1. Can you give me the long-range amide H partners of residue A:116? Hydrogens built in the peptide plane at 1.01 Å from N, cutoff under 5 Å, separation of 5 or more residues or another chain.
2. Tell me the label-point distance for the pair residue B:149, residue A:260, using the 7 Å Cα-to-Cβ offset, in nm and rounded to one decimal.
3. Give me the net charge for the shell around residue A:436: Cβ to Cβ below 14 angstrom, other residues only, Lys and Arg +1, Asp and Glu -1.
4. In what sequence do A:207, A:133, A:443 fall when counting other Cβ within 10 Å, fewest first?
5. So, in Å, what gap is there between the alpha-carbon centers of the stretch A:283-341 and the stretch A:120-192?
6. Would you mind checking A:104/A:393; A:433/B:6; A:81/A:335; A:417/B:64; A:164/B:173; A:162/A:360 for any pair whose Cα atoms are more than 32 angstrom apart?
7. Which order results if A:49, B:98 are arranged by neighbouring Cβ count within 10 Å, fewest first?
8. With springs only between Cα atoms under 10 Å, which of B:33, B:14, B:141 fluctuates most in a Gaussian network model of chain B?
Amino acid sequence: MGKTLYEKVWDAHSVGTLADGRTQLFIGTHLIHEVTSPQAFGMLRDKGIKVKYPHRTFATVDHIVPTDNQASPLADPLAEKMIQEIRKNTEEFGVTYFDLASGKQGVVHIVGPEQGITQPGTTIACGDSHTATHGAFGAIAFGIGTTQVRDVLATQTMTMEKLKVRKIIVNGELRPGVYAKDVSLHIIRLLGAKGGIGYAYEYAGSTFDNFTMEERMTVCNMAIEGGARCGYVNPDQITFDYLEGRPYSPTGAEWDKAVEGWKAFASDADAEYADVVEINAADIEPTVTWGVSPDQGISIGETIPDPANAKTEADRVSFQDALDYMKLPAGAPIKGTKIDVAFLGSCTNGRLSDFREAAKYLKGHKVADGIKAIAVPGSQITAIQCEKEGIDKIFTDAGFEWRAAGCSMCLAMNPDKLIGDQICASSSNRNFKGRQGSSIGRTVLMSPVMVVAAAVKGELADAREVFNVA
Amino acid sequence: MSAITKVSGKAVTVAGNDIDTDRIIPAKFMKCVTFDDLAEGMFYDVKVNPNTGELTEHPLNDPKHAEASIIISGENFGCGSSREHAPQSIYRSGFRAIIAESFAEIFYGNSTTLGMPCVCGSAADLAALSEYIDENPTAEVTFDLEALQASYGDVTFPITMPESARSSLISGKFDPLAELMENMDKIEATAEALPYI
Ligand code: SF4
């Protein structure tokens, strides 16, 4: 019987079994950022422990950086303290750090792939739940807590329990105006926010085979929103083409050897899965969330669910709670819901292709009156590329603010926040209560093209109608 | 580290499913470089009315639950962000165990490493416990990790947890660092065999 990629990577990285029965797993690549690492370095310092393999950890700064004025010192003294701390820690412990001045800074899950640090057949850990993103390259990548960040720094290993693997097959072509983000929201809607607990998701099928690396990253990014700690796509020529020539990719004879090795990690045709789910790409519609959990999604043409029709009492209670928070009427069409803010960015949809695609439709349109619209590239490299292509100009001409790289309004750790009960059309990944910085702020998740459609109309809209997508 | 075989204390209910870590500790409280001052932010947006700045009527604010050291909740507790700030804020607020229908994985691991057991019970058992606690806020609830049983008043019910978490807690080895460090030779051998290290 064959093996899945998950099993092969797991076996290659298993150091041994610990007393409690869990595996000591070697972490090939460790990514860190300023929020979840300082306490770990503090613990090392307290115990007088060094970083075991400093060249296997890479750092950047993303959550706390302002996206407007990044002049040093940062205006927020707490943010300044955090950036000083990561500078100090990476220098003291000899870790590579992509700082604001490096030209390579950005959201950690965008920087890793961009630099070629994210590679197939590896284990990747980061103190951030969206580490699943890196699975797009055929890596086993997952989020960890700060104590585990300490463990990885000290030993390049951590304790881990083996997951089951669920294969999610999406076949066929997406219809025009439907994107990787919709695939992601559709899967989560189908399997639930906790459906993936205990599983790694293997995304497969012709839809994924034909996806670009950026599209694969968008879906893997949100594996955690479906409860799966990691999600991956088997590496193929598209993966290798993406990686070739990147700063940390192997070169010359090493490259050819690496590619051979990577190919061998792909799941065998006769691998067995704990579960298999099949989805038809043509069934996927542009999807938006209506509630406060990423699985509370509907297609843009549907009506907001009525708690009275919920299947279980628990669902009824949580639907009602979500609607009360979102201030949305049960049973009404979601299309036409007025918005206040449009946010395009984050590690889900802050890559070059996201801005290119959104700009293609936004060109020549104007953001509706009274809407605050911000476009935030996920990395400095993305920003520069967009600026070269004149994409920034399309956004600013339309009335968007064009910002510097960072997590921005995806979460509330920098000045970009919702105010009061503002409702935001957002290309990010979480619609939790208070996620975007106001404890009564409201988030509606959607694809980048849907975000610009909402910005133009001033309300939730079907981008296919707004931009005549056929 | 000492062994954790039993946890007893008063309890409070944080009702609902999918209580995410942004709820447990809003991001604005994470602008810090140590975990020392996280207690203040725990469930802040649940405890404080954003419009008035006043305390809400949530059980976490109810003086009758002031001494609670156990949280009762629903399904998928701790989902979302991997922030260890979440269990740290709960622990630093004086809580020593959580019982829920189910937990999100990263939160679960973070809590275990802290020595804060997370145990699962059935929806019916949890509803009965929650109701009892509401009427008898000073009642002691006990989780026996060896017998995998919860008890309060004259009621006992079964609890579950992954065997690895249970054994690490009852053996007092929930912080794995020392054990991981003992295996440096094996770590180096594994690294050596990997083409990319
Ligand atoms: S963009 Fe959002 S989800 Fe991604 S790392 Fe930053 S805060 Fe987390």
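Every number here is computed from the coordinates shown, using simple stated rules; none is lab data. As the structure is a computational prediction, the values presented were derived from the model and not from experiment. Here the Cβ is made from the backbone with ideal geometry for all residues, glycine too, and neighbour counts use every protein chain on show.
1. Those qualifying (amide H under 5 Å, at least 5 residues apart or on another chain) are A:248.
2. 6.2 nm
3. Once all neighbours under 14 Å are counted, the net charge is +2.
4. So the ranking, lowest neighbour count to highest, is A:207, A:443, A:133.
5. 26 Å
6. Pairs exceeding the cut-off: A:433/B:6; A:81/A:335; A:417/B:64; A:162/A:360.
7. If I rank by nearby Cβ atoms, fewest first, I get A:49, B:98.
8. It is B:33.
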